[in-house]
Amino acid sequence: MPLPAIRTRALSLLLMLALPAIAVADGQNFATTLPSPQQVAWQDLQFGVIVHFGTNTFLDREWGDGTAPASVFNPDHVDPGQWARAVRAAGARYMVLVAKHHDGFSLWPTEQSDYSVKSSPWLHGKGDLVKLTSEAARKAGLSFGVYLSPWDRHEPKYADKAAYDKYYAAQLDELATGYGPLVEWWLDGAGSAGHVYDFDHYIEELRTYQPNTMVFADVALFSYGDIRWAGNEHGATEGETWNVIDRHGELRWRPVEVDTPLHKDHWFFSSKPDFAASLKTVDELVSTWEMSVGRGGQLMLGIAPNTHGLLPEADVTRLAELGATLEHRYGNSANLIAGENADNAEARRALDNDPATFWSAPEGSSHAELNVNFPKPVTFDSAIAMERLDAGQHVRRYAIEVMRGNTWVTIAEGQAIGHLKLDRFPAVTAARIRLNIQSSVGTAEIREFKLFNTGTPATE
């Protein structure tokens, strides 16, 4: 998933855009295309991390060519528990391990190849990093997933399509049956130009053993993934997020996941001097959260253990700072609204810091208002709204408004709310505020409406 992957994915996206427009199939509708229960649960996780650790770690590489001997993998203090604790402190809720990157080296003792941890000196060839990481993640209260690169630069069978399809499916079976429930299966199309994979068979195998696993893939890689790539590795989803996409005339609920590394331009650890200097600042990371989770997407942040098998202390500290800052700015305790600010019991369900409850607009309405009243004016500069998506994404236009004199004045507006929408604006002081659903297709349902006074300038 390092930077060269951008070019491959960007090319595939351009090819898609170049295709002629195709009419959406009869009976399909953006408003009535619904998520699966598994997709709803996955979107509620909001923030995850992906762990890059392997032979590249020891060779100062981002992409391995498959020629590194297994003996180079020899960490002396692997501690996935440290990774998981740091991840949890950042506010993340799931962790994906790169079980095999493009170099083909497997971090579990696969029976399909000798090119794995079983041929390394680490733990005398008896180690299983997938097992250790899955156990550490669950102990920390995190969901666990895996990344298994289709592109394999080491395995000789890769030159034979049928043989490699069998090989990949066999490795998939090992991971899908040996490590408990998997929240996400990460399929990266990087480096695979010209190679055709039997994705139908891969996903059939995965669904057999892991029916609830969300499959991530570029929309150009295959049509039936559960999650889509945002098209960049900058940590931002561009503009407002619509969960239903039109791919070649077929509509599908496919929420977006944004991926970006904790260190600029580094997915893997490096001993080179620029690695430490590339650690992103707290402000940069918070901005990334605002431009991903805050725009209705999912954030996947890349972390990289060092040659000891530990996250550098600076990274651990930075992740904790990120979590503390997000909680300070946007946590429940920072929310200025309490349930008693609602007009009625129905509205209170969207103002209670509980996303399991929701306010529903009048049945069949295309316009509705959610009002918030304070006994005296409050100052705020941010708002978060969350749409209940079980029955589809319905809001098409909304505004956040304050009462000035006898007139409602718009301070923020947009089209999509989706899973979560963060609006930032110059600080305003008011006692009456409303979320004005100006247009919806179907009945709008709002899980949460929150106000915050962060005291910080909005980022672009």
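Listing for the model above:
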quantity	calculated
Over region 293-337 - Rg/Rh using Cα atoms and the Kirkwood inverse-distance radius	1.11
Neighbour-count ranking [beta-carbon atoms within 10 angstrom, fewest first] of HIS234, HIS154	HIS234, HIS154
Potential lengthening between ALA320 and HIS308 on full extension [0.36 nm per residue; Cα-Cα distance subtracted]	2.2 nm
Cross-link table LYS100/LYS166; LYS100/LYS126; LYS126/LYS280; LYS118/LYS166, entries beyond 25 Å C-alpha to C-alpha	LYS126/LYS280
Highest average packing first - 193-200, 434-441, Cβ atoms within 10 Å	434-441, 193-200
Pairwise Cα inverse-distance average, inverted: Kirkwood Rh of region 127-170 (Å)	12.5
Two-decimal ratio, region 335-452, of alpha-carbon radius of gyration to 2.2 N^0.38 Å	0.96
Computed lengthening from HIS367 to ARG397, 0.36 nm per intervening residue step minus Cα-Cα distance	9.9 nm
Ordering of 330-338, 38-46 by burial proxy (mean other Cβ atoms within 10 Å per residue, highest first)	38-46, 330-338
Spacing of the two label points (7 Å from each Cα toward its C-beta) at LYS126 and TYR224, in nm	4.3
Cross-link partners of LYS161 among aspartates and glutamates (Cα-Cα below 17 Å; sequence separation of 8 or more within a chain)	ASP152, ASP198, ASP200
Footprinting exposure proxy for ASP390, ASP218 (fewest neighbouring C-beta atoms within 10 Å first)	ASP390, ASP218
Under 23 Å from the Cα of LYS450 - lysines, other chains or at least 8 residues apart	LYS376, LYS421
Which of THR407, THR241, THR379, THR357 has the fewest Cβ neighbours within 10 Å, and the rest in rising order	THR407, THR379, THR357, THR241
Over the chain, volume per residue of the alpha carbon convex hull, in Å³	143
FRET efficiency, 1/(1 + (r/R0)^6) with R0 60 Å, evaluated for ALA159 and GLU346 via beta carbons	0.45
Angle between the chain longest axis and helix 4-18 axis [Cα atoms, degrees, rounded to 10]	60
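Computed from the coordinates by the stated procedures, all read-outs in this text should not be read as laboratory data. Since we're looking at a predicted model, the values are computed, not measured. Every residue, glycine among them, receives a Cβ derived from its backbone with ideal geometry; neighbour counts consider all protein chains shown.
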